[in-house]
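Here is the structure we will look at, set down as C-alpha coordinates.
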Amino acid sequence: MEACSSTSSSMRRRAQMMCYCNQKPVLVVAWTADNPDRRFYGCPNYWVGRKCRLFQWRDDEICERGKVLIPQQRQRIIQLEAELAHCKKREKFLVVVVALLMVIFVVLCLLR
Ligand SMILES: [Zn+2]
(Lines give C-alpha, C1' and ligand atoms only; values in the text may rest on other atoms or scores of the structure.)
Protein backbone atom coordinates (compact mmCIF):
# COMPACT_ATOMS: atom_id res chain seq x y z
CA MET A 1 0.00 0.00 0.00
CA GLU A 2 1.34 3.38 -0.97
CA ALA A 3 1.30 5.94 1.79
CA CYS A 4 1.74 9.69 1.62
CA SER A 5 5.07 10.60 3.14
CA SER A 6 5.22 13.09 5.97
CA THR A 7 7.10 16.35 6.01
CA SER A 8 10.87 16.24 6.24
CA SER A 9 12.88 16.92 9.36
CA SER A 10 14.69 19.90 7.84
CA MET A 11 11.56 22.08 7.86
CA ARG A 12 12.62 24.15 10.86
CA ARG A 13 15.89 25.13 9.18
CA ARG A 14 14.06 26.07 5.97
CA ALA A 15 11.69 28.28 7.96
CA GLN A 16 14.68 30.37 9.08
CA MET A 17 15.80 31.16 5.52
CA MET A 18 15.48 34.55 3.85
CA CYS A 19 14.45 35.21 0.27
CA TYR A 20 16.57 37.13 -2.24
CA CYS A 21 14.75 40.33 -1.19
CA ASN A 22 16.15 39.69 2.31
CA GLN A 23 12.69 39.02 3.74
CA LYS A 24 11.24 36.06 5.55
CA PRO A 25 9.57 33.73 2.99
CA VAL A 26 5.86 33.05 3.25
CA LEU A 27 4.33 29.60 3.36
CA VAL A 28 1.95 29.09 0.44
CA VAL A 29 -0.26 26.18 -0.58
CA ALA A 30 -0.13 24.98 -4.17
CA TRP A 31 -3.37 23.73 -5.74
CA THR A 32 -2.10 22.52 -9.08
CA ALA A 33 -3.09 19.09 -10.41
CA ASP A 34 0.36 17.67 -9.72
CA ASN A 35 0.74 19.34 -6.32
CA PRO A 36 -2.64 19.60 -4.62
CA ASP A 37 -2.42 21.00 -1.07
CA ARG A 38 1.41 20.93 -1.19
CA ARG A 39 3.07 23.75 0.71
CA PHE A 40 6.06 25.75 -0.44
CA TYR A 41 8.01 28.81 0.64
CA GLY A 42 7.90 31.79 -1.65
CA CYS A 43 8.83 35.45 -1.77
CA PRO A 44 6.48 37.66 0.32
CA ASN A 45 6.59 40.19 -2.54
CA TYR A 46 5.09 37.72 -5.01
CA TRP A 47 1.67 39.42 -4.91
CA VAL A 48 3.02 42.96 -5.09
CA GLY A 49 4.98 42.35 -8.29
CA ARG A 50 8.50 42.78 -6.91
CA LYS A 51 9.04 39.07 -6.43
CA CYS A 52 12.40 37.37 -6.44
CA ARG A 53 12.85 33.81 -7.65
CA LEU A 54 12.72 32.05 -4.28
CA PHE A 55 10.81 28.79 -4.45
CA GLN A 56 11.30 25.97 -1.97
CA TRP A 57 8.94 23.07 -1.37
CA ARG A 58 8.13 22.53 2.29
CA ASP A 59 6.21 19.28 1.89
CA ASP A 60 7.45 16.17 0.21
CA GLU A 61 5.94 15.24 -3.14
CA ILE A 62 2.28 14.14 -3.03
CA CYS A 63 1.77 10.45 -3.72
CA GLU A 64 -0.31 9.41 -6.75
CA ARG A 65 -3.31 8.46 -4.61
CA GLY A 66 -3.14 11.82 -2.84
CA LYS A 67 -3.11 13.64 -6.19
CA VAL A 68 -6.49 12.06 -6.91
CA LEU A 69 -8.04 12.02 -3.44
CA ILE A 70 -7.09 15.49 -2.20
CA PRO A 71 -8.76 17.42 -5.06
CA GLN A 72 -11.84 15.17 -4.85
CA GLN A 73 -12.18 15.72 -1.12
CA ARG A 74 -11.52 19.45 -1.44
CA GLN A 75 -14.28 19.67 -4.05
CA ARG A 76 -16.59 17.70 -1.74
CA ILE A 77 -15.84 20.09 1.15
CA ILE A 78 -16.59 23.12 -1.05
CA GLN A 79 -19.85 21.47 -2.13
CA LEU A 80 -20.86 20.64 1.46
CA GLU A 81 -20.00 24.16 2.65
CA ALA A 82 -22.25 25.59 -0.06
CA GLU A 83 -25.06 23.24 0.99
CA LEU A 84 -24.55 24.20 4.63
CA ALA A 85 -24.74 27.91 3.78
CA HIS A 86 -27.96 27.27 1.85
CA CYS A 87 -29.44 25.31 4.79
CA LYS A 88 -28.52 28.08 7.24
CA LYS A 89 -30.28 30.66 5.05
CA ARG A 90 -33.36 28.45 4.85
CA GLU A 91 -33.27 27.88 8.61
CA LYS A 92 -33.23 31.65 9.24
CA PHE A 93 -36.17 32.10 6.87
CA LEU A 94 -38.14 29.33 8.60
CA VAL A 95 -37.45 30.83 12.05
CA VAL A 96 -38.91 34.14 10.82
CA VAL A 97 -41.96 32.33 9.36
CA VAL A 98 -42.57 30.45 12.63
CA ALA A 99 -42.21 33.66 14.64
CA LEU A 100 -44.74 35.44 12.37
CA LEU A 101 -47.18 32.52 12.64
CA MET A 102 -46.87 32.64 16.45
CA VAL A 103 -47.59 36.38 16.44
CA ILE A 104 -50.62 35.87 14.18
CA PHE A 105 -51.85 33.03 16.40
CA VAL A 106 -51.53 35.15 19.56
CA VAL A 107 -53.30 38.11 17.90
CA LEU A 108 -56.16 35.85 16.72
CA CYS A 109 -56.49 34.34 20.21
CA LEU A 110 -56.68 37.82 21.74
CA LEU A 111 -59.36 38.95 19.27
CA ARG A 112 -61.72 36.08 20.08
ZN1 LIG B 1 11.88 37.91 -2.30
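Can you find a residue that is closer than 21 Å to GLN16 by Cβ, over 16 Å from the mean Cα position of the chain (by Cα) and not polar (S, T, N, Q) anywhere in the stretch 26-38? For the stretch 26-38, residues closer than 21 Å to GLN16 by Cβ, over 16 Å from the mean Cα position of the chain (by Cα) and not polar (S, T, N, Q): present.
Among the numbered conditions (1) within 16 Å of the ligand (Cβ to nearest atom); (2) surrounded by 10 or more Cβ atoms within 10 Å (Cβ to Cβ), tell me where TRP57 comes up short. It is condition (1) that TRP57 fails. For the stretch 36-57, a residue qualifies if it is under 15 Å from LYS67 (Cβ atoms) and in contact with a helix residue (DSSP H, G or I) (Cβ under 8 Å, 6 or more places away or on another chain), and the qualifying residues are PRO36, ASP37. May I ask you to say which residue of ARG65, ARG38 is modelled with pLDDT of 95 or more, of a type outside the set (A, V, I, L, M) and part of a strand (DSSP E or B)? The match here is ARG38.
Among the residues of the stretch 31-48, write down those that are more than 16 Å from the ligand (Cβ to nearest atom), surrounded by fewer than 16 Cβ atoms within 10 Å (Cβ to Cβ) and not charged (D, E, K, R). Once the filter is applied, which keeps residues that are more than 16 Å from the ligand (Cβ to nearest atom), surrounded by fewer than 16 Cβ atoms within 10 Å (Cβ to Cβ) and not charged (D, E, K, R), the stretch 31-48 yields TRP31, THR32, ALA33.
The values are calculated or read from the model by the stated rules, or taken from the named source; none is laboratory data. Predicted model, so just to flag it, every value in this text is computed and none were measured. Methodologically, a virtual Cβ is constructed for each residue, glycine included, from the backbone with ideal geometry; neighbour enumeration extends over all protein chains shown.
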